[in-house]
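The values are calculated or read from the model by the stated rules, or taken from the named source; none is laboratory data. Owing to the predicted nature of the structure, the values given are computational and were not obtained by experimental measurement. Using ideal geometry, Cβ is built from the backbone for each residue, glycine included, and neighbour counts are taken over all protein chains shown. Note: accessible area is taken over every heavy atom of the protein model, side chains too, but ligands, DNA and RNA are not part of it. Shrake-Rupley method; radii C 1.70, N 1.55, O 1.52, S 1.80 Å.
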Amino acid sequence: MTETVMIDGTTGVDGQPVILYVVDIDKGSSNPLNVIALNLTDEQKAAASFGQSGQRLVRMGRAAGELDVQTPQFEALPVKSTNFCQIFKAQVENSILTKLSSKEVGWTLSDQEEVAIMDMRLGMEKSFLFGVQARLTDPRRFDEVLFTKGIWNQAGEEFALTDEPISTETLVALMRKAFTGDCAGSPRKILMGGSGLIERLNNMEYTKVISASDTVTRWGIDFTELRSKFGVLCVVHNEVFDQCGHENDGMVIDPQYLTKYSHIPFRVEHLDLKSSGVRNTDALVATEASCLVLRHPKAHLRIVSE
C-alpha cells in the first residue's frame with residue numbers, strides 16, 4: 001500500500017513514536033489494516049495493541065519499493081459551499097436647470113458621481129463583511145433579490161478575548177491560533193478590527209518576542225506589522241467594524257485564500273431619461289454584482305471580545 005502511519009502517544013525501541021507500514025487494507029474485516037511495525041522488537045510486537053480509543057494516527061509519507069510504479073488512490077475532496085452575488089447599484093441625477101444655473105462652487109455631475117460611488121463602496125464593504133446569504137421576492141416589485149454572505153460568517157475559526165488588557169501571552173496565543181494547525185496558511189496575514197480592539201493592541205507593551213514594526217504599505221493600504229515566531233500580522237483599523245457594532249472585535253484574513261467573484265464587473269452607464277420621457281435630468285447608474293468567498297475557511301479567524 002506504500003502508506004506509513006505514526007501512532008501518537010506511543011514509544012518504540014528508539015524512543016520515538018511507533019511507525020507502521022500498511023501492507024494491506026481489508027475493508028470488510030473487523031481489523032481492516034494489516035500493518036508492520038518498523039520500530040518495535042518482537043516481544044513488543046507480540047504485546048502491542050493498536051487502534052485503541054483516543055489514539056491519534058498521523059499519516060506520514062509514502063514508502064515505495066524499487067519496482068513500484070503506482071500508488072493507491074488518495075482522495076481530497078473539496079467541501080461544497082455557495083454564496084450569492086449581490087447586485088449593488090448607485091444612481092446619480094443632475095437636472096437640466098441645475099446644470100445650466102450658475103453656482104458659487106464648481107459642483108458638477110462628476111462630483112456627485114464620486115460621492116455616490118464612495119457611499120456605494122462603503123455599503124458594499126459592509127455587506128462583504130457582515131452580510132447574510134438570503135434570497136427573497138420583493139413584495140412590491142415581485143422581483144427576486146439576492147443577498148451575499150459576508151466573510152465574517154464564513155470564517156472557520158474563532159478566538160475569544162476577555163475584557164482584561166491584552167497581554168503578551170494572549171497575543172502569542174492568538175498568533176499560534178492564527179498560524180498553526182487547521183489555520184495554517186500564509187506566513188503573513190491581515191488583522192483588521194474596530195477601534196476598541198486597535199486601541200487595546202496599541203496599549204500593549206511589546207517585547208522581543210512580539211514586536212511592532214514601522215508602517216508598511218501593501219495593496220495600497222498602510223499597515224502596522226506585528227511580528228512573532230509564528231508569523232506576521234498586518235494590522236489596520238476598519239471603520240466598518242465600528243459602524244456595524246463590532247468595535248471591540250476583529251478578523252484575521254489570509255489574503256491568499258480570499259477571492260472576489262464578479263458576475264457583473266463594476267461599470268457606469270449613462271441613462272437618457274429625458275429622451276425616454278421619464279425625467280428631465282442627466283443620469284448615471286453604477287452597477288456591480290459580486291461577492292467575496294473564503295476558499296479555505298479555517299485559514300481565517302474571527303476575534304470576538306466577550
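Hey, what's the Kirkwood Rh for the chain if you take every pair of different alpha carbons, in angstrom?
24.7
If we count trypsin sites (Lys or Arg not before Pro) as exposed when they sit in a DSSP loop and have at most 16 other beta carbons within 10 Å, what is the longest stretch of the chain that avoids them all?
142-207
Quick query: amide H of HIS263 versus all other amide H atoms, modeled in the peptide plane; which residues come in under 5 Å with a sequence gap of 5 or more or a different chain?
The list, which skips near neighbours in sequence, is ALA289, SER290, CYS291.
Divide, for segment 234-306, the radius of gyration over alpha carbons by 2.2 N^0.38 Å, where N is the residue count.
After normalising by residue count via 2.2 N^0.38 Å, the value is 1.73.
Please report the carbon-and-sulfur percent of the accessible area for the chain; probe 1.4 Å, protein heavy atoms only, DNA, RNA and ligands left out.
In the chain, the share of accessible area belonging to carbon and sulfur is 51 percent.
Starting from the Cα-Cα distance between ASN153 and GLU269, subtract it from 0.36 nm times their residue separation and give me the gain in nm to one decimal.
38.5 nm
Express as a percent, rounded to the nearest 5, the fraction of DSSP beta bridges in segment 167-243 (both residues included) that run antiparallel.
60
Return, for the Cα atoms of segment 127-275, the radius of gyration and Dmax in Å, separated by a comma.
Reported Rg and Dmax, both Å: 19.3, 69.
Determine the alpha carbon to alpha carbon distance for each of LYS149/LYS177; LYS126/LYS229; LYS45/LYS298; LYS80/LYS229; LYS27/LYS177 and list only those over 30 Å.
Correct reply: LYS126/LYS229; LYS45/LYS298; LYS80/LYS229; LYS27/LYS177.
Give, in nm to one decimal, the length gained when the segment between LEU57 and THR41 is fully stretched (0.36 nm per residue of separation minus the Cα-Cα distance).
The span from LEU57 to THR41 would gain 3.7 nm if fully extended.
Could you tell me which of rounded, prolate or oblate describes segment 151-231, using a ≥ b ≥ c as the square roots of the eigenvalues of the alpha-carbon gyration tensor, with rounded for a/c under 1.5 and, failing that, prolate when a/b is larger than b/c and oblate otherwise?
The shape class here is rounded.
What is the distance in Å between the Cα centres of segment 224-293 and segment 144-222?
For segment 224-293 versus segment 144-222, the Cα centre distance is 20 Å.
Averaged per residue, what accessible surface does the chain expose to a 1.4 Å probe, in Å²?
63
What are the DSSP H helices in the chain that stretch 27 Å or more along their long axis, judged by alpha-carbon atoms, and whose average Kyte-Doolittle hydropathy comes to at least 0.0?
109-130
State the answer as a single residue: which of SER110, GLN154, PRO187 lies farthest towards the positive end of the charge dipole of segment 110-250, with beta carbon charges of +1 for Lys and Arg and -1 for Asp and Glu, about the Cα centre.
Checking the options against the dipole of segment 110-250, the answer is PRO187.
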